[in-house]
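The values are calculated or read from the model by the stated rules, or taken from the named source; none is laboratory data. Everything quoted here is computed from the prediction, not taken from an experiment. Glycine gets a Cβ as well: all are built from the backbone with ideal geometry, and neighbour counts include every protein chain shown. Just so you know, the surface numbers come from the protein's heavy atoms only, side chains and all, with ligands and any DNA or RNA stripped out. Shrake-Rupley method; radii C 1.70, N 1.55, O 1.52, S 1.80 Å.
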Amino acid sequence: MRTRIFGGGFAVLATAIMAVNSNSALAQTDSSDTLEEVIVTGVARPTTKLDATNSVTALGASDIANYAPRSTAEIFRNLPGVQAEATGGDANANIKVRGLPISAGGARYLSIQEDGLPVLLIGDMEFGTSDSFLRFDHSVRSVQAIRGGAGSTQAANSPGGIINFISNDGSEEGGSVALTTGLDYDANRLDFAHGQPINSDWQYHVAGYVRDGEGPRDVPDNIESGYQIKANVTRELEDGFVRVHVKRLDDSAPTYLPIPAVADGNGSFSSAGVDLGEGTLYLQGGDVLNRDAGRQTTSLTHGFSSDVTSVGFQLENNINDSTTVGLVHRVSKISGQFVSPFPAEVYTDVDDDTAARIHYFNTKLDSLDNTFTDLNIRKEFDAVTVKAGIFRGVQDYDAQWGWNTYFVKLNGALSATTGPNGEASFVPGHAAWGECCSRSYDYEVENIAPYLALTGEIGEQLSWDASLRHDSWNVDGNYAFSGAADADGYLTYATASPIDYDLSYTSWSLGVNYAVGENSALFGSVSEGGSATATSRITGSLLANGDINDEESGYSTVEQIEIGYKYQGDDASVYVTLFNAETEEAGGFEVTTQSVIQNAYESTGLEVEGEYELGNGFAIAGGFTYTDAEITDSNVPANEGNTPRRQAEWIYNITPSYSSAKHNIGLNIIGTDDTYIQDSNQAKFDGYIVTNLFWNYDMTESLALSFNVNNLLDEEGFSEGEEGGPFAGGEFVRIRPINGRTTSLSLRYYF
């Protein structure tokens with residue numbers, strides 16, 4: 001690893017102590033903070049973790065800071081049942097839940113939200129995943145997550161669950177400023193936050209960050225740079241409240257795609273010229289020429305840029321003692337660009353050096369603008385509470401896909417060379433992938449979904465809920481694939497084709513919770529939900545008039561059952577859930593494997609989550625998930641009966657810690673079992689364990705120091721690969737490794 005002492009750049013994720021409203025500088029979350037937290041995510045009415053009818057997890061902001069995440073997706077690794085492939089950096093993460101498959105990038109079956117509304121309407125839009133436009137900072141009070149159950153009916157495209165970033169609201173007075181710097185990598189970041197009641201009716205909270213640097217891997221220049229500001233103002237009403245949210249994100253970060261490696265045939269890998277712990281294929285300097293109107297040029301060191309401006313409005317008002325009206329509305333202007341190198345081929349060049357054909361992703365996201373509105377009314381009767389509402393979401397996808405080819409030696413310096421057939425070191429985007437995948441999209445997706453939810457109690461021990469949602473989708477616009485090359489060899493667009501189709505499906509859920517005494521409960525739920533496929537993944541199969549050939553080929557369905565037990569005591573808590581999920585998946589095109597993936601799956605598993613205060617400052621928290629997943633049907637018959645790609649049987653996290661008056665120290669240990677690289681099950685990645693160290697020290701009542709190490713033992717591990725066949729000794733493969741050890745130091749002042 002390279003070493004820089006307090007040098008350059010702004011860190012990927014603040015590792016400062018995040019308890020913004022704490023009266024003490026020491027970031028230490030009592031277990032009761034999250035155990036007793038009011039759950040508002042994916043439920044028809046606010047509840048607690050003990051009373052919910054399905055699996056719920058809440059992560060406090062200070063706990064998240066202790067985990068030393070280097071990207072948003074790394075936070076998700078501590079959620080039971082969730083497998084987050086966080087090796088892509090601050091964008092382009094793949095997220096699985098309860099054995100539901102990774103058959104496309106992003107999170108097809110999971111809704112990622114901010115304050116109750118999705119970041120993006122569809123979770124697997126190519127080159128535009130929800131995590132790419134979401135940043136964790138001191139504005140976040142907690143991260144709530146539900147799996148299964150009512151998740152199917154409480155949001156669009158969320159049969160697997162919902163992860164919701166909930167903001168601080170300024171109800172408690174307090175503020176902080178924190179500076180975080182990388183000790184052995186080029187990163188530096190300044191965070192700030194402040195909130196307070198203005199008077200008895202008004203309160204506000206504002207927070208954000210600014211950063212620059214390289215991040216945890218070697219990239220040229222300051223790819224990792226930008227800022228975020230989030231603010232909200234709340235007006236307390238006599239019988240409710242009104243809140244306005246504002247967010248401005250202008251940030252760029254490197255996106256890590258797979259890199260070449262050498263396989264030994266037994267599941268182990270070694271460098272093919274690019275360091276597995278910190279290397280990338282980013283080229284120094286120069287421009288990549290995009291096949292676009294006006295022949296636009298883009299820097300090879302651009303990375304992934306996220307530009308978001310959003311304004312939201314939230315109203316809750318009690319009309320009378322039994323009736324409440326709720327409205328949540330947000331408008332977002334979103335754009336970005338995805339520039340990152342991908343090794344399409346590894347070969348030996350004319351000098352007998354190992355070389356690679358690099359396809360440079362260069363996707364302009366001109367508009368991912370969206371508007372979301374959720375209007376509902378809740379009425380309480382003697383035995384039941386009824387909530388009825390309607391959700392409307394409109395999502396743009398205006399994007400230009402471009403590719404160019406570079407041939408480089410894998411010698412650390414990535415020097416230019418010729419292609420395997422004598423090609424020049426740079427070839428315009430008509431080569432290889434360009435012929436298939438240089439594309440233009442301009443379409444709009446509209447989702448309208450009325451929903452109904454009932455909740456009630458039978459006696460003092462049994463509570464229940466039932467919900468129903470009907471999603472109607474309209475997709476309208478056009479797309480164009482690559483046409484003939486111009487005189488300089490760059491592709492032009494073919495004639496645009498229409499997009500014009502409709503989808504609809506119904507989702508439902510039933511759940512019960514039976515209290516066994518004051519501290520424990522049995523619960524269960526059954527649900528069925530749908531998820532619409534991103535249009536860019538199915539355009540190749542649209543009819544000439546833009547309609548879809550079969551409505552069911554445009555969405556996937558998930559049926560789930562879960563039963564569980566909860567115990568919540570003064571010093572300990574435990575949550576155990578058995579689950580089964582069956583998925584019927586619509587086919588979707590994947591660029592990197594150049595294939596359409598369409599499977600049916602079944603997964604059965606066990607989630608266990610808990611924490612225990614041992615006394616004298618010692619505590620332990622964590623959980624594990626066991627998942628037995630199988631491909632039950634496939635468009636590749638040979639894969640039937642196999643384990644879905646990149647699905648681990650075992651994942652786990654353990655966080656032992658010790659706290660005293662001035663110190664809080666601990667380890668956050670993340671582990672995963674072996675995974676098959678592709679659905680063919682012919683090759684595996686070995687399991688690995690990542691150990692993260694945190695130490696927080698109260699220097700004074702208002703000044704705190706935090707020291708964090710991500711991947712303390714410099715463990716090697718892999719989460720994504722392109723090759724599915726058996727590895728022969730010395731064969732080149734393409735894999736995405738986890739980051740090596742990175743160490744950061746943070747100083748935070750409270751006021």
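Using a 1.4 Å probe on the protein heavy atoms, what percent of the accessible area of the chain belongs to carbon and sulfur? Mind dumping the intermediate values first?
Numbers: 13580 of 25980 Å².
About 52 percent, which is the carbon plus sulfur part of the accessible surface.
Roughly speaking, what is the centre-to-centre gap between the range 47-89 and the range 417-451 when only Cα atoms are used, to the nearest Å?
What the calculation gives is 34 Å, centre to centre.
Once you have the Kirkwood Rh of the range 328-376 from its Cα pairs, apply Stokes-Einstein at 37 °C and 0.692 mPa s and quote D in µm²/s. Present the calculation step by step, with values, prior to reporting the outcome.
Numbers: Rh = 14.4 Å.
Answer from the Stokes-Einstein relation: 227 µm²/s.
Could you pull out every one of the lysines with an alpha carbon less than 20 Å from that of K333, ignoring same-chain neighbours closer than 8 positions?
Correct list for K333: K230, K247, K364.
Treating the beta-carbon of each Lys and Arg as +1 and of each Asp and Glu as -1, no other charges, what is the dipole magnitude of the chain about its Cα centre, to the nearest 20 debye? The partial results should precede the final answer.
Details: 43 positive and 103 negative charges, 255 e Å.
Around 1220 debye, computed over the chain.
On average over all directions, what projected area in square nanometres does the range 646-718 have, based on the convex hull of its Cα atoms?
5.8 nm²
Excluding N421 itself, what net charge comes from residues whose Cβ is under 13 Å from its Cβ, given Lys and Arg +1 and Asp and Glu -1? Working shown, then result.
Details: positive: R357; negative: E345, D349, E423.
Summing Lys/Arg as +1 and Asp/Glu as -1 gives -2.
Any chance you could check the Cα centroid distance between the range 573-623 and the range 370-394 for me, in angstrom?
29 Å
Counting residues in the range 407-484 as N, plug N into 2.2 N^0.38 Å and put the Cα Rg over that result. Spell out each step's value before the answer.
Details: Rg = 27.3 Å, N = 78, 2.2 N^0.38 = 11.5 Å.
After normalising by residue count via 2.2 N^0.38 Å, the value is 2.37.
Would you work out which of F192, W473, L276 lies farthest towards the positive end of the dipole of the chain? Charges go on Cβ: Lys and Arg +1, Asp and Glu -1.
The listed residue farthest towards the positive side: F192.
In angstroms, what radius of gyration and Dmax does the range 430-471 have, counting Cα atoms only?
Spelled out, the Cα radius of gyration and Dmax of the range 430-471 are 23.6, 69 Å.
Could you do me a favour and compute the accessible area per residue for the chain, 1.4 Å probe, result in Å²?
Values: 25980 Å² over 751 residues.
Here the per-residue accessible area is 35 Å².
Please name whichever of T625, V596, L578 sits farthest to the positive end of the charge dipole of the range 541-638, dipole taken about the Cα centre and charges placed at Cβ: Lys and Arg +1, Asp and Glu -1.
T625
In bins 10 Å wide, starting from 0, what share of all Cα pairs of the range 268-419 does each bin hold, as a percent?
All Cα pairs considered, the percentages come to 10, 25, 20, 15, 12, 11, 6, 2, 0.
Find out how many positive minus negative residues lie around A263, taking Lys and Arg as positive, Asp and Glu as negative, among other residues whose Cβ is under 10 Å from that of A263.
Residues near A263 contribute -3 overall.
Translational diffusion coefficient of the range 175-254 at 4 °C, 1.567 mPa s, Stokes-Einstein with Kirkwood Rh over Cα pairs, in µm²/s as a whole number.
D, rounded to a whole number, is 89 µm²/s.
I need the trypsin sites (Lys or Arg not before Pro) found in the range 640-718, filtered to DSSP loop residues with at most 15 other beta carbons within 10 Å of theirs. Show your work: numbers first, answer last.
Values: sites: R645, R646, K662, K684; in loops: R645, R646, K662.
Qualifying residues, ordered by number: K662.
Which of the lysines could a cross-linker bridge to K379, judged by Cα under 17 Å and excluding same-chain residues fewer than eight apart?
Cα-Cα hits under 17 Å: K387.
Amide H of L410: which non-local residues (sequence gap of 5 or more, or other chain) have their own amide H closer than 5 Å, using H built in the peptide plane?
T354, A355, A356
Give me the one-decimal Kirkwood hydrodynamic radius in Å for the range 117-276, with the sum taken over alpha-carbon pairs.
After inverting the mean inverse Cα-Cα distance, the result is 19.0 Å.
Quick one: 3J(HN,Hα) in Hz for the range 678-685, Karplus 6.51/-1.76/1.60 with θ = phi - 60°, rounded, Gly and Pro as x.
Taking θ as phi minus 60°, the curve returns 10, 4, 5, 6, 9, 8, 10, 9 Hz for the range 678-685.
Please compute P(r) over all alpha-carbon pairs of the range 195-327, binned at 5 Å starting from zero, and give each bin as a whole-number percent.
Taking all Cα pairs of the range 195-327, the binned fractions are 2, 8, 11, 11, 11, 10, 9, 8, 7, 7, 6, 5, 3, 1, 0 percent.
Please report Rg over Rh for the chain, where both radii come from the alpha carbon positions and Rh follows the Kirkwood definition. Working shown, then result.
Details: Rg = 25.0 Å, Rh = 26.3 Å.
Answer for the chain: 0.95.
Quick one: check the C-alpha center-to-center distance for the range 130-175 versus the range 520-557, whole angstrom.
The range 130-175 and the range 520-557 have Cα centres spaced 23 Å from each other.
Given Q395, H302, S340, which one lies farthest toward the positive end of the charge dipole of the range 271-430, if we put +1 on the Cβ of every Lys and Arg and -1 on the Cβ of every Asp and Glu?
Of the listed residues, the answer is Q395.
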